[in-house]
Amino acid sequence: MKKFFSLLASLTFGLAAYASEADLVLPDKVHEPSFLHWGFLVTILGMAFGFYHFVMTKRLPVHRSMLEIGEVIYKTCSTYLKQQGRFLGLLFIFIGVVVTFYFGALVKLPVADVCLILLATVVGMLGSYAVAYYGIRMNTYANSRMAFASLRSDPLRLLNIPLNAGMSIGVMLVCVELLLMLVILLLIPTHLAGVCFIGFAIGESLGASALRIAGGIFTKIADIGSDLMKVVFKIGEDDPRNPGVIADCTGDNAGDSIGPTADGFETYGVTGVALVSFILLAVKDLNVQAQLLIWIFSMRILMVITSVVAFWINRALCRVKYAGKTSLDFEKPLTSLIWIASALSIAVTYIVSYYQLGNLGANLWWQLATIISMGTLGAAIIPEITKIFTSPHSAHVQEVVKSSHHGGASLNILSGFVAGNYSGFWTGLAFVVLMFVGYLFSIDIPKGMMSYPAIFAFGLVAFGMLGMGPVTIAVDSYGPVTDNAQSVYELSLIEEIPDKDNEIQKDFGFNPDWERSKHYLEENDGAGNTFKATAKPVLIGTAVVGATTMIFSIILVIQKTLNVDPATLLNLLNPYTILGFIMGGCVIYWFTGASTQAVTVGANRAVAFIKDHIKLDPDAPKKADTKSSVEVVKICTAYAQKGMLNIFVAIFFFALGLACLASPSSVGGNDAVSLFVSYLISIALFGLFQAVFMANAGGSWDNSKKIVEVDLDLKGTELHDASVVGDTVGDPFKDTSSVSLNPIIKFTTLFGLLAMEIAISENFRDLAPYFGLVFVLIAIFFVWRSFYRMRIDDTLENITSQLHAAQGKKVLENIAPQQPAEQAKDTTLLKDE
């Protein structure tokens, strides 16, 4: 560990003149005509590609009953997103004040320059918000069309609809991101472009954090509230009488579409900004700076092209292989798409690197191309590792099912924990290997060209993991479409429409296959669950690996401003280093508990409401109660925003407060500086393993339930009940806490750079410790508030009296399902392998 800190500290030697954000000046050469100007055309064509698939998806045939449900889901999603937009405006005040204070009061930039930086921050935030809006509109079109397409007995069509929608979102997202960054790079004055990049990245991170965390809380409140009704009342998963189903569909989009889309937008931006910062800080030759900047942005431009070509190749192969077949393993085409995109990206990386960097040295072009390719290869390998723990075909997921046979929900949960822990080891080992190989190829990079190229190599590995960005987003977006398609099918009540077969034959020209349609949707949902899980470690990995470049910038600030040698501070002999590490772990574990607590309390409230308002009268029409559904959506939204506010304010003030306490004017003097840097390193490392463990444990519980429901056809049995309970435990694991750690790591690191500059600036240094103490106390208050102001309303005495009353009146016997439950099947069919 001491050597690691010495490596980080060694980055600072000889770079004192380039340490401040205000000194991130781009070389004028990047504004000269180059390949990058073609990037504007590529991004416009990419957005045209996305819009084309948007229109074609909208035009797909769909029955009116399913179209109506799809529109209801969209309207509730739209309402939720508008509320989140207003909430984002409130959160921006925190960031705006800090940005204005630093650049206006401390750095004393002109008012116009400060306004431009604030504008870049707003644009970054609005970019995350806009692509999220596009994502829900695309997905809500696709889910109703897919539900109707399931009646055709054509699994290839059921593959193409969600995949086309996902590619539309992925290409649109990356092109919007790239277009905005090219505007900053090529059109903003060079002396302001660097700080505008930082402001843009902070805005993206703010938007992604709010939408990801709040969306994760919302979706799991609704999901758990809806799922538990299957156990309590023995009703179907998407029974229209359950008021939680519409909220669950809204949540699927809030958590699995809005959150990941905003998160993906931020990830691609922040990783690029981190590399831009490194190049400007670590490379002294302005011509080399310009070449490297043009090179990494060329990689981004070509990423769009290779992803679209890979999509076309994969679609042609699938048409040849699966056309006319009535069965299909939906995971295989998604896997082939990832590998084709990876191979194309690697090939193009070497070709372009040769032409753009060949003049910098005999070996440099292929060394840097190989380092990026390690990341691109990792983006294909890590999903394969993830599938070992989350795919319905994997031994770990089957083990979860088998352990539930005799052990019920208890052993189901324990087996999921096992899968999550093993996945943490193998995924972490993959990152170690990829980063180590990148380091080996960086050794021969001339040290006179850049200071300590190993950090550049780590940043390039993270950059390479995003080398097939549209495809990564596409397979992640596949899941919410397949999930919602099932719900749309059930909620539409299409099977109860009189003379439905003749109507469909007359209006759409085919005879529906009612028997196979649900099976297709269930199978495809299992594939969607798997590939939602595969994208998570890739995104969290880029956050952690890319954070090293931001930490590098903070060390430069320390070196320049304080004129101290960080090598004497950042080691385990310094007690402040240990304190920072422990503090980072504290925050990660609190965040996990706070986000889960918000889900727990909100779900408790939702379950209580649903129990009181669910109508199982067999004589009543079997349709959704819109009024009750809207109330469940309100409950989910309220707790999502309340939980998000507590979390964001605490994270914000911890970063600001600990940076101020690390000021050399504090009790520890210069030794205290290491407190904040080690805190950031700890956030990244603890966050990586916590996120991977929780995401893959949750994925194993989710797909073990799919095995019980689809492969074994054992709905309504005790085994199914056990798998549902395990799935509800996994819900906040995989879709709330784990995925939210990604934007938390990036926001803390990005905002930490600004916070540290404020804390050690000459005009504020003496006051910083006092403000730091106040800021940390504010953060701790919101930590306290995240539990004690988010508790379940009922007292234990009230719960006891309710249960006694219910038992005395034998209410528990009267809530048995009014409709005959599906006959329980013999679970002894499950046998050990």
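The values are calculated or read from the model by the stated rules, or taken from the named source; none is laboratory data. These numbers were taken from a predicted model, which means no experiment stands behind them. FYI the Cβ positions are ideal-geometry reconstructions off the backbone, even for glycines, and counts take in every protein chain you see. Ligands, DNA and RNA are excluded from the accessible area calculation, which covers all protein heavy atoms including side chains. Shrake-Rupley method; radii C 1.70, N 1.55, O 1.52, S 1.80 Å.
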In region 672-756, if the dipole is taken from +1 on Lys/Arg beta carbons and -1 on Asp/Glu beta carbons about the Cα centre, which of 686, 749, 716 is farthest to the positive end?
749
Tally Lys/Arg at +1 and Asp/Glu at -1 over every other residue whose Cβ is under 15 Å from the Cβ of residue 38; what's the total?
0
Of (1) 26.6, 86; (2) 34.1, 109; (3) 29.3, 95, the label for Rg and Dmax of the Cα atoms in Å derived from the coordinates
(1)
Within a Cβ distance under 15 Å of residue 177, other residues only, what is the Lys/Arg minus Asp/Glu net charge?
-1
Compute the separation of the alpha-carbon centres of region 82-161 and region 471-528 and state it in Å as a whole number.
30 Å
When the Cα centres of region 727-760 and region 219-296 are compared, how far apart do they sit, in Å?
12 Å
Defining a contact as two alpha carbons under 8 Å apart and six or more residues distant in sequence, what relative contact order in percent does region 479-534 show?
57 percent
Per-residue accessible area for residue 365 at 1.4 Å probe radius, Å² rounded to 10?
60 Å²
Can you give the accessible area of residue 326, probe radius 1.4 Å, in Å² rounded to 10?
60 Å²
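Summing +1 for each Lys or Arg and -1 for each Asp or Glu, what net charge is found among the other residues whose Cβ lies under 11 Å from the Cβ of residue 216?
-2
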From the cross-link list 532/706; 82/108; 500/706, the entries with a Cα-Cα span beyond 24 Å are 82/108; 500/706
Please work out how much accessible surface residue 191 shows to a 1.4 Å probe, ignoring ligands, DNA and RNA, in Å² rounded to 10.
100 Å²
Pairs of alpha-carbon atoms within less than 8 angstrom and 6+ residues apart define the contacts here; what relative contact order does region 140-245 have, in percent?
13 percent
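Probe radius 1.4 Å, ligands and nucleic acids ignored: give me the carbon and sulfur share of the accessible area of the chain as a rounded percent.
63 percent
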Of the chain, which part is the longest with no trypsin sites (Lys or Arg not before Pro) in a loop (DSSP not H, G, I, E, B) and with at most 15 other C-beta atoms within 10 angstrom?
109-283
The chain accessible area per residue, 1.4 Å probe, protein heavy atoms, integer Å², reads 35 Å²
Which of 321/734; 220/746; 506/627; 332/634; 234/332 have a Cα-Cα distance over 30 Å?
321/734; 506/627; 332/634; 234/332
State the answer as a single residue: which of 309, 271, 222 lies farthest towards the positive end of the charge dipole of region 220-370, with beta carbon charges of +1 for Lys and Arg and -1 for Asp and Glu, about the Cα centre.
309
Once you charge only the Cβ atoms, +1 for Lys and Arg and -1 for Asp and Glu, what is the size of the charge dipole of the chain about its Cα centre, to the nearest 20 debye?
1000 debye
Relative contact order of the chain, please, whole-number percent, based on alpha carbon pairs below 8 angstrom and at least 6 residues apart.
21 percent
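With the Cα gyration tensor of region 119-253 giving a ≥ b ≥ c as the square roots of its eigenvalues, does the rule (a/c under 1.5 for rounded; else a/b larger than b/c for prolate; else oblate) give rounded, prolate or oblate?
Here region 119-253 falls in the oblate category.
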Would you mind classifying region 366-425 by shape? Square roots of the alpha carbon gyration tensor eigenvalues, ordered a ≥ b ≥ c; an a/c under 1.5 is rounded, otherwise it is prolate if a/b is larger than b/c and oblate if not.
prolate
Among 592, 514, 392, whose Cα sits farthest toward the positive end of the charge dipole of the chain (+1 at Cβ of Lys/Arg, -1 at Cβ of Asp/Glu, about the Cα centre)?
592
